[in-house]
Amino acid sequence: MKSIAFIGLGAMGKPIAERLLHGGYDLTVFDVHRDAMASLLAAGAREATSPKNAAVHAQAVFTMVPDAPDAEEVALGPDGVLHGIRAGTYYVDMSTIDPITTRRIGARLAAAGVKMIDCPVGRTTRHAREGKLVLMMGGESADIDAMMPIFGLLGDTFIRCGPLGNGTAAKCVNNYVAMACNAISAEAFVIGTKAGLTPEHMLDVFGSTMASNAQALQVYPQFALSGNTEPGFMMALGHKDLRLAIGLARSYDCAVPVGQATLEVMAQGVEAGLGRKDCSSLLLMHERAAGTTVRLKATGS
């Protein structure tokens, strides 16, 4: 398998597509924002004029778009992949959407003889550039096996979650937890600082107890606690993912009081102009409200 189409060159999609191109694959790309394709085209990728056009000669089509309506439009819309893809082709959706939409897309593609895998990813843009993502894969085992040489360029952790749609379900519940940890960590760092602790004190304690979580121990030191708001994972996307997770929970009549409170806090962050900044930038909102600044000593506390 040498010919791949990649549709959706956002913060995560673009470095993933670059990994495929540099891995020696014959790559065709499409994004609604032509500027997003420029560096890939300069590096040797071919430009498609639509998702349909991108799929015509591909042996595998990858998509990574912002939300469920986007995924459905790219796959099934009037100019969508369905109308250009050939039977026997693999369709890999790496978008973070809901499993109901994933399975609806999969059913339409299966009727055309297309093999679909849902494969959302975890970790940050840095991990995408380095090929060290977590891949959460849903679909037929034989189809996943066939795609593993390509997946191996993209990640170092591969989790088979079961049938189609289970990859997106796993991503939803994962980001549900991650965003709750993000929100509570922002509050805790500000509370501790007002009480006279340093961020170093709190990181040492959190890392030694059951309060340990990757948001506090890994994300915050790299981003908000160092004054870095460039997005490793954009707050607006975290808010969207949390909304999807809450929608999934409610479709199964599951209570979500903590998730709903977290969604409201993240909505406040987006409304405060932090939507395109790293999700840990919630810290800035709490700093302003509390009249304090929380920074590691190396960056000036």
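The values are calculated or read from the model by the stated rules, or taken from the named source; none is laboratory data. Since the model is a prediction, treat every value here as computed from it, not as a measurement. Please note: Cβ atoms are built from the backbone with ideal geometry, for glycine as well, and neighbour counts cover all protein chains shown. Surface areas here come from the heavy atoms of the whole protein model, side chains and all, with no ligands, DNA or RNA. Shrake-Rupley method; radii C 1.70, N 1.55, O 1.52, S 1.80 Å.
I need the GluC sites (Glu not before Pro) found in the stretch 102-199, filtered to DSSP loop residues with at most 14 other beta carbons within 10 Å of theirs.
Listed in order of number, the matching sites are Glu140.
Return the whole-Å distance between the Cα centroid of the stretch 167-203 and the Cα centroid of the stretch 70-143.
30 Å
Send over a whole-number figure in Å² for the accessible area per residue of the chain, probe 1.4 Å.
Heavy-atom accessible area per residue stands at 43 Å².
Can you check what the net charge comes to around Ser251, using other residues whose Cβ is under 15 Å from the Cβ of Ser251 (Lys, Arg +1; Asp, Glu -1)?
+2
Compute the distance in nm between two label points, each set 7 Å from the Cα along the Cα-to-Cβ direction, one at Ser39 and one at Lys132.
About 1.9 nm, to one decimal.
So how strong a dipole does the chain carry about its Cα centre when Lys and Arg Cβ are +1 and Asp and Glu Cβ are -1, to the nearest 20 debye?
220 debye
Rounded to whole Å, give me the distance from the Cα center of the stretch 239-257 to that of the stretch 259-301.
23 Å
Based on the Cα coordinates of the chain, what is the per residue volume of their convex hull in Å³?
So the per-residue Cα hull volume is 136 Å³.
To check you understand DSSP bridge types, tell me what percent of the beta bridges within the chain (both residues inside) are antiparallel, rounded to 5.
15 percent
Quick check for me: using +1 on Lys/Arg Cβ and -1 on Asp/Glu Cβ, what's the dipole size of the stretch 169-301 about its Cα centre, in debye to the nearest 20?
Computed charge dipole of the stretch 169-301: roughly 160 debye.
Of the accessible area of the chain, with the probe set at 1.4 angstrom, what percent is carbon plus sulfur?
56 percent
Largest first and to the nearest Å, give the Cα extent of the stretch 1-118 along each principal axis.
36, 26, 23
For Gly162, what residues show an amide H to amide H distance below 5 Å, using hydrogens built from the backbone and excluding near sequence neighbours?
Correct list: Gly139.
Cα to Cα, under 29 Å, and not fewer than 8 places away if on the same chain: which lysines meet these conditions relative to Lys52?
The qualifying lysines are Lys2, Lys14, Lys115, Lys171, Lys240.
Which percentage, to the nearest 5, of the DSSP beta bridges contained in the stretch 92-197 is antiparallel?
25 percent
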